[in-house]
1. Out of all the residues in the stretch 112-162, which are basic (K, R) and farther than 26 Å from I220 by Cβ?
2. How about the stretch 1-98: which strands (runs of 3 or more DSSP E) wholly inside it have at least 1 residues that are touching a strand residue (DSSP E or B) at 6+ places or on another chain (Cβ under 8 Å) and among the aliphatic types (A, V, I, L, M)?
3. Just give me the residues in the stretch 240-260 being away from the ligand (no atom under 14 Å from the Cβ) and either out of contact with any strand residue (DSSP E or B) (no Cβ under 8 Å at 6 or more places or on another chain) or in a loop (DSSP other than H, G, I, E, B) (or both), in sequence order.
4. Look through G140, G120 and report the one residue that is in contact with a Ser or Thr (Cβ under 9 Å, 6 or more places away or on another chain) and of a type outside the set (S, T, Y).
5. When you go through A229, A249, A237, A204 one by one, which is the residue that is of a type in the set (G, A, S) and over 18 Å from the mean Cα position of the chain (by Cα)?
6. Out of the strands (runs of 3 or more DSSP E) lying entirely within the stretch 373-443, which hold 3 or more residues that are touching a helix residue (DSSP H, G or I) at 6+ places or on another chain (Cβ under 7 Å) and not aliphatic (A, V, I, L, M)?
7. Do the conditions hold for A19, that is, is it over 27 Å from the mean Cα position of the chain (by Cα), in the same structural domain as L189 (by TED's automatic domain parsing) and within 30 Å of D326 (Cβ to Cβ)?
8. Can we say E278 is within 14 Å of the ligand (Cβ to nearest atom) and not assigned by TED's automatic domain parsing to the domain that holds A397?
Amino acid sequence: MLPNLIGSQWRVPADGAGALPVYNPATGEVIEQVPLSGARDVDAAVQAAGHAYAAWSRTAVMERVRLMFRFKAVLEEHVEDLAAIITRHHGKTLEESRGEVRRGIEVVDFACGAPTLLQGRTLRDVSGGVDQDLYRYPVGVCAGIPPFNFPVMIPLWMFPLAVVAGNTFVLKPSERTPLGGQRLAELFLEAGFPEGVLNVVHGAREAVDALLTHPGVAAISFVGSAPVARHVYETAAASGKRVQALGGAKNHIVVMPDADPEVTVPAILNSAFGNAGERCLAGSVAVAVGQAADRLLDPLQAAAAKLVVGPGDQAGVQVGPLIRADHRDKVAGYVDKGVAEGAELVVDGRGEMSRPGFFLGPTILDRVTPDMAVGHEEIFGPVLSVSRAPSLDEAIAQANRMALGNMATIFTQSGRSAREFREQVEAGMTGINVPIAQPFAFFPFSGWKGSFYGDLHVHGTDGIEFYTRKKVVVTRW
Ligand code: NAD
């Protein structure tokens with residue numbers, strides 16, 4: 001059973017509702033048990049973080065940064081170790097896991113810039129003999145609630161920026177992929193951070209709700225599905241906390257008739273089937289504009305059918321398993337629904353379901369329309385819908401009909417089409433000739449509309465704004 005980290009102690013939870021199995025999705029074997037901590041465990045973690053806050057918030061910035069550089073060095077030494085852990089309990093390929101670790105470390109790199117990022121500003125002589133100075137202070141104890149699909153990268157979006165700004169932190173890893181957060185916490189202690197700066201409480205809904213309403217927690221960073229993002233936002237805001245809550249996605253890839261299939265086909269495969277489609281930036285609907293479908297469909301179909309499905313730690317595998325059998329069955333259910341609603345099944349990956357583990361192969365449905373379930377609901381698996389649109393305007397209108405607005409991307413050789421798309425599409429992360437429009441650590445990451453609740457996005461200078469509060473001092477001598 002995984003222990004919680006309370007202060008410097010690894011502890012078995014005191015209360016809560018038992019435990020859940022953690023699986024290797026490539027085999028279906030149970031590899032660990034994760035406790036479902038309760039309100040008392042959450043309280044112990046928040047108390048430990050609150051206790052540590054007094055000294056940590058007053059620790060010199062250069063000392064906090066020195067420890068952050070050490071953490072960065074320790075992470076660099078453990079890239080392979082972390083990648084293996086991700087693949088073992090999430091299922092993605094080792095190459096994808098290494099990529100995830102790298103993107104996570106980039107946030108630590110960014111956090112090492114705290115001496116610049118935490119600066120305030122000054123205006124002398126704002127009126128006769130009066131100066132005004134803006135200082136940044138930490139907000140207090142912050143909590144992070146990540147989803148299952150990036151067990152290392154998403155916790156790293158959260159606690160490094162929070163703690164380098166002088167906050168202390170309680171991390172509640174996903175109960176389906178808790179081993180990433182667990183290992184990060186061990187490495188964080190190895191880097192030399194004082195006890196209580198980072199605490200870990202394992203669990204699910206009960207632990208989350210205890211964090212959302214705990215009076216000792218000042219800020220909540222959440223990433224997960226859209227309905228839970230809304231619940232987190234509403235509940236934590238009602239308790240007076242600042243909240244950033246990133247939700248689900250239904251991302252559209254618009255393909256113009258002038259797009260080069262040699263570029264577009266591999267990009268769509270990467271976008272739709274990378275991470276087995278379990279990615280908030282996954283392309284879910286490819287909208288073929290005008291004649292684009294004629295040049296796209298055959299090569300896309302042929303290439304998708306050739307993708308190698310299998311355990312993520314095997315060389316040559318391109319698509320790993322899904323996270324759980326019930327999730328895989330839900331995704332497969334969407335294929336049936338799509339066909340029942342009139343879509344054409346052009347690549348069927350359901351043959352892979354007979355393997356041990358939680359597999360589903362790449363699947364493509366053609367002639368999908370936005371009113372079909374597969375045309376507007378998040379599927380979160382290796383199922384690509386292809387829809388048709390007579391014009392760019394119509395393609396953008398299709399994307400903008402979605403309740404969710406995380407990412408949208410266009411493939412074209414026309415600057416005019418690209419610019420029009422950039423201006424009109426309602427998505428917080430927009431791509432032009434890229435499969436995945438992922439902002440780097442020094443830019444803000446988040447969607448629009450139902451994909452995001454809050455105002456400050458994660459990482460980049462938004463992250464610094466989120467984890468600090470400002471004080472303005474007005475001085476006359
Ligand atoms: P999820 O919403 O089921 O779980 C996310 C977290 O919330 C977990 O830590 C879980 O323990 C907790 N949780 C789950 N149900 C809860 C409830 N009813 N009350 C309180 N807490 C609850 O999401 P998931 O299945 O782990 O992750 C996949 C989802 O996350 C997808 O919808 C995906 O699009 C989204 N996601 C979004 C982004 C983004 O940047 N917008 C990034 C990654 C994943």
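The values are calculated or read from the model by the stated rules, or taken from the named source; none is laboratory data. The structure displayed is predicted, hence computed values, not measured ones. Note that each Cβ is placed from the backbone with ideal geometry, even for glycine, and that neighbours are counted across all protein chains shown.
1. Pass one, the stretch 112-162, residues basic (K, R): 121, 124, 136.
R121, R124 - these are the residues of the stretch 112-162 that are basic (K, R) and farther than 26 Å from I220 by Cβ.
2. Values: elements: 4-6, 9-11, 19-24, 29-35.
Because the criterion is at least 1 residues that are touching a strand residue (DSSP E or B) at 6+ places or on another chain (Cβ under 8 Å) and among the aliphatic types (A, V, I, L, M), the strands (runs of 3 or more DSSP E) in the stretch 1-98 that meet it are 4-6, 19-24, 29-35.
3. Of the stretch 240-260, the ones away from the ligand (no atom under 14 Å from the Cβ) are 240-242, 252-260.
Selection gives G240, K241, M256, P257, D258, A259, D260.
4. Answer to the selection: G140.
5. Details: A229 fails: over 18 Å from the mean Cα position of the chain (by Cα); A249 fails: over 18 Å from the mean Cα position of the chain (by Cα); A204 fails: over 18 Å from the mean Cα position of the chain (by Cα).
Testing whether each residue is of a type in the set (G, A, S) and over 18 Å from the mean Cα position of the chain (by Cα) leaves just A237.
6. Working: elements: 383-389, 407-411, 429-432.
Passing ranges, in order: 383-389.
7. Numbers: over 27 Å from the mean Cα position of the chain (by Cα): no; in the same structural domain as L189 (by TED's automatic domain parsing): yes; within 30 Å of D326 (Cβ to Cβ): yes.
Answer is no for this residue.
8. Numbers: within 14 Å of the ligand (Cβ to nearest atom): yes; not assigned by TED's automatic domain parsing to the domain that holds A397: no.
The answer is no for E278.
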